[in-house]
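The structure under discussion appears below in the form of C-alpha cells.
Each reported figure results from applying straightforward, stated rules to the coordinates on display, with no laboratory input. Just so we're clear, the structure is a prediction, and the values are computed from it rather than from any experiment. Neighbour counts run over all protein chains shown; Cβ positions are idealised from the backbone, glycine included.
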Amino acid sequence: MFDLAVIGSGPGGYVAAVRAAQLGAKVAVVEARDLGGTCLNRGCIPTKAMVKSAEAYKTIVNGEGYGVRVKEYQLDFPSVIQRKQEVVNRLVTGVEKLFSSNGITCYRGKASIPKPGMVEVSGPDAARLETRFTLIATGSGHALPPVPEAAIRRAITSDEALCLPKPPESMLVIGGGVLGVEFACIYAAFGTKIDIIKRSPLVLPPVDEELSKRIMPLLARQGIKVNAGIFIKDIQVSGDGAKRVIANTKEGKEVTFEAEEVLIAMGRVPDFGGLDLAALGIEHDSKGIKVDNRMRTSLAGVYAIGDVVGKYYLAPVASREGIIAVEDMFSTGSDMDYKVVPQCVFSSPEAASVGFTERAARDAGYSVKVSRFPFSANGKAVALGEAEGMVKVVADGETGLLLGMHILGPHATEIIHEAAIAIVLGGTAEAIATMIHAHPTLPEAIMEACHGIMGHPIHLAKVR
Ligand code: FAD
C-alpha cells in the first residue's frame, strides 16, 4: 500500500514525489515515457541548450564586432543536437538519483485509475498499486490548428524541431507565442529564413503590449518576419518537396506561404493521459482538470497539478502546485498563490514579465505610474554589445508599490527575479531605487527605471 501514487514524472510529478517522500510518505511514480517529462526531455531544458548553441554561433559570426576575427568556422549541427541530448540525459539521471535517494519507487508504463484508491500500470512494470492518495500530473500536448490530420502530418512540432538533421533553409512557424518566437530565434541564428504566421496582431501575449511591439523590429533584423492576422486553412506539399501553407487574411483574402519546413508552435493543451476522468467523476473540460486552491479534484483523495490543470503551462508553476498538493495530503498545507509568476521568453533579446501589465493594472483600478529605462543607457548592456530593449516598471501612483515589471533585453529572464522578490515582499519602487546596485550590471537598469517612478532616472538625458 502506497501513501501516494503520482502519474507522470514531469516537473510537477517528480517534485511532488520528492516533497511527499521528505514528509515521510511511501511514494510511487508511474511514467509512460521519459523521466522528467516534457520539461527535461522535450521542453525547457533542450530548448535552452539549443539557445546556448545558437548564441555561441552568433557570437562567432559577429566576432569582428568584438575585435575577434575567426578565419574559419562552421556550424556542426549534429553536434548541437548531441550536446542538447547530453544535457537532457544528465538532468534525467539527476531525477533518477533523486528518486532512489528518497526511496521513491518508479514504475515504467501507462497508468490508469480503475477505481479510487487504485492505480494500474500497464507496460514494462505492469502492476496494481493500492494508494491512499493519487496525484494526476500527466502534463500537456501540442495545440494543433483546425486543419485536416493529413495536413498536420506534413508539419513538425517542437518535438521534431529539437532533433532536425540540419537547419532548414526556410521555416514557417505557425504561432507567435513563446514557443514560436523561441524556435524562430534559435533557427534564425543558424541561418534559417523564418516567417511567423499568427492570428492576433502581437507576438508574445503574456508580455506587456509595449514590449511586444518593441520586439517586432528586433525580430525583423534577425530575418524573422511576423505575418499577423493570418488564419491557416491547409498545409500541402508542392512538387519540389517544399511545404505550402494556405491561409486566409482576416479580410478573407487567400494567401500562400512556402517553406522547407513548417513548425506548428501554437502552444499547449492539457493531456489527460488516457485516464477515464468522466467515469471517475473527476470534473474537467477541454481547458483542464478542475481543482480547488489546494489542487484537490472533485474526487476525494485525487489531486491534479501542472499543465493538466491548464492554468500556466510553466514548469515552476507545476512544481509549486505539486508541493502545495502533497503538503495538503501529508502536512498542514497552504493555498496555491499565483500572484507572482515570472513569465520568461528565451528569445533574442530575452523578454520577461512579472506582476501586472500596465493595461491590467489600470483595469484593476490602480492609479498607475509607469517608468521606462532603455538598455542603451546601461553601461553593462553597452559593454556586452546588447543594448537593445528596456525595463518598464508599473507602480501604484499613490503608494509607489511595485505592481509589475517587464523587461526586454539581455538576461531579462534572470534579472526579472529582482522585481519578483520585491513584489512578493510588497516592495516599492523607492526601495529598489535607493538600494545600492553593483556596477556595472544589468539590474542597474531596473534601479534606474524605479528612479523614474520617483522622479527621473539619473542616466537619462532630460527631454527639454
Ligand atoms: P510534463 O512535463 O508534460 O510531464 C507529464 C508526464 O506525464 C510526461 O512525462 C508523460 O509521459 C506522463 N504521462 C502522461 N500520461 C501518463 C499516464 N497515463 N501514465 C504514466 N505517465 C503519463 N516551461 C517553462 O517554465 N520554461 C520554459 O522555458 C519552457 N520551455 C518549453 C519549451 C517547449 C518546446 C515546450 C513544449 C514546453 C516548454 N515549457 C517551458 C513548458 C513546460 O515544459 C511544462 O509546463 C512542464 O513540463 C509541465 O510539467 P508537468 O509536470 O505538468 O507535465
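Distance between the pseudo-spin-label points of residue 334 and residue 234 (7 Å out from Cα toward the beta carbon): 5.6 nm.
For the range 246-355, which trypsin sites (Lys or Arg not before Pro) are both in a DSSP coil and crowded by at most 11 other Cβ atoms within 10 Å? Working shown, then result.
On the way: sites: 250, 253, 268, 287, 290, 294, 296, 311, 320, 339; in loops: 250, 253, 287, 290, 294, 311, 339.
Those satisfying the criteria are 253, 287, 339.
Counted residue by residue at 0.36 nm each, then reduced by the alpha carbon distance between them, the extension gain from residue 85 to residue 298 reaches 72.8 nm. What longest range of the chain stays clear of loop-exposed GluC sites (Glu not before Pro) (DSSP non-H/G/I/E/B, at most 10 other C-beta within 10 angstrom)? The reported range is 73-250.
Taken along its principal axes, the alpha carbon cloud of the range 390-464 reaches lengths of 36, 31, 22 Å, longest axis first.
Show me the three semi-axes of the equivalent ellipsoid for the range 142-299, from the C-alpha gyration tensor (sqrt of 5 times each eigenvalue), largest first, rounded to whole Å. Spell out each step's value before the answer.
On the way: eigenvalues 190, 78, 50 Å².
Equivalent ellipsoid semi-axes, largest first: 31, 20, 16 Å.
Only one residue of 207, 227, 434 has its Cα farthest out toward the positive end of the dipole of the chain, where Lys and Arg carry +1 and Asp and Glu -1 on Cβ, and that residue is 227. Look at the alpha carbon pairs under 8 Å that are at least 6 residues apart: their mean separation over the length of the range 260-370 gives a relative contact order of 16 percent. Convex hull volume of the C-alpha atoms in the range 316-464, normalised per residue: 133 Å³. Working note: Cα atoms of the chain, range along each principal axis, descending, whole Å: 73, 64, 49.
For the range 185-261, state the semi-axes of the equivalent ellipsoid (square roots of 5 times the eigenvalues of the alpha-carbon gyration tensor), sorted largest first and rounded to whole angstrom.
On the way: eigenvalues 110, 64, 13 Å².
Each semi-axis is the square root of five times an eigenvalue, giving 23, 18, 8 Å.
Looking at the chain alone, DSSP beta bridges between its own residues are antiparallel in about 60 percent of cases.
If the reach is capped at under 28 angstrom between alpha carbons, list the lysines near residue 287, excluding any in the same chain fewer than eight residues apart. Here the lysines satisfying the reach criterion relative to residue 287 are 48, 110, 115, 198, 233, 250, 311, 339.
If you filter the range 63-96 for trypsin sites (Lys or Arg not before Pro), then keep DSSP loop positions with at most 11 other Cβ within 10 Å, what is left? Of the trypsin sites (Lys or Arg not before Pro), the ones in loops of the range 63-96 whose Cβ has at most 11 other Cβ atoms within 10 Å are 69, 71. Could you check the spin-label model distance between residue 93 and residue 382? Points 7 Å from the Cα along Cα→Cβ, value in nm. With each label placed 7 Å out from Cα toward Cβ, I get 4.6 nm. Full extension of the chain between residue 127 and residue 69 gives 14.8 nm of extra length, using 0.36 nm per residue less the Cα-Cα distance. The value of relative contact order for the chain, using C-alpha pairs under 8 Å at least six residues apart, is 14 percent.
The chymotrypsin sites (Phe, Trp or Tyr not before Pro) found in the range 329-399 that occupy coil by DSSP, while having at most 12 further C-beta atoms within 10 Å, are 338. Remark: spin-label model distance residue 48-residue 287 equals 2.9 nm, labels positioned 7 Å along the Cα→Cβ axis. Maximal additional length on extending the residue 441-residue 276 stretch stands at 54.2 nm, based on 0.36 nm per residue less the C-alpha distance.
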